[in-house]
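The values are calculated or read from the model by the stated rules, or taken from the named source; none is laboratory data. Keep in mind that what you see is a predicted model, and the values were worked out from it rather than measured. Note: ideal-geometry Cβ built from the backbone for every residue, glycine included; neighbour counts use all protein chains shown.
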Amino acid sequence: MLGVCYRYASSRDEAEDYLQDAFITIFRKLNQWKGEGELGAWIRRIVVNTCLNGIKAKHRLSEYLSDTSPEEIPYIIAESGNENADELMELVRQLPLGYKTVFNLYAIEGYSHEEIGKMLNIQSVTSRSQFMKARKMLMQKLNSEPGQTVKN
């Protein structure tokens, strides 16, 4: 679960704080788990929600999420050709807050844009737009030569 937190956090310390808060919530609400579905999925949902709440508390997420009209985007992330998962996750961590949050929720956690919209109190078209921009920025970073900087 630390890896889940680290995808949303800006530092390892922040990820550890999110994880600690999540486990406190899990232990407090363990009696609410009804045994339906997998315990791991229930825990993961609490961890993700804790990270989102931490982001909302620390930052005004709505300031980072612009409400622009999206272009049609595919529901499959294009193959990057990059075999180094750690390098890819580091590039995701470098994305601007709004891009990173939506990318993690959609591409990694598997939430729909409608669910993300409800979670972040944004429109689903904003989620789609942020995902598309995040994906484009990641592809630019993956395709750039080592040492080059890609403008945000």
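So, residue 42, is that one surrounded by 11 or more Cβ atoms within 10 Å (Cβ to Cβ), at pLDDT below 90 and of a type outside the set (D, E, K, R) or not? So residue 42 fails the test.
Here is a yes/no grid of residues against (1) over 22 Å from residue 53 (Cα atoms); (2) more than 16 Å from the chain's Cα centre (by Cα); (3) at pLDDT below 85:
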position	(1), (2), (3)
101	no, no, no
108	no, no, yes
113	no, no, no
118	no, no, no
128	no, no, no
136	yes, no, no
141	yes, yes, yes
150	yes, yes, yes
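Within segment 121-137, the set of residues being over 17 Å from residue 10 (Cβ atoms), of a type in the set (A, V, I, L, M) and part of a helix (DSSP H, G or I) comprises 125, 132.
Can you give me the number of residues within segment 122-143 that are in contact (Cβ under 8 Å) with a residue 60 or more places away in the chain and farther than 12 Å from residue 100 by Cα? Selection size over segment 122-143: 5.
Pairing residues of segment 28-51 that are not assigned by TED's automatic domain parsing to the domain that holds residue 119 with residues that are acidic (Asp, Glu), at Cβ distances under 7 Å and at least 6 apart in sequence or on separate chains, gives 48/109; 50/21.
Count of segment 1-51 residues, restricted to those that are part of a helix (DSSP H, G or I) and closer than 21 Å to residue 91 by Cβ, is 14.
Return a yes/no flag: does segment 61-70 have any residue that is closer than 20 Å to residue 5 by Cβ, hydroxyl-bearing (Ser, Thr, Tyr), at pLDDT below 70 and not assigned by TED's automatic domain parsing to the domain that holds residue 19. Yes, segment 61-70 contains a residue that is closer than 20 Å to residue 5 by Cβ, hydroxyl-bearing (Ser, Thr, Tyr), at pLDDT below 70 and not assigned by TED's automatic domain parsing to the domain that holds residue 19.
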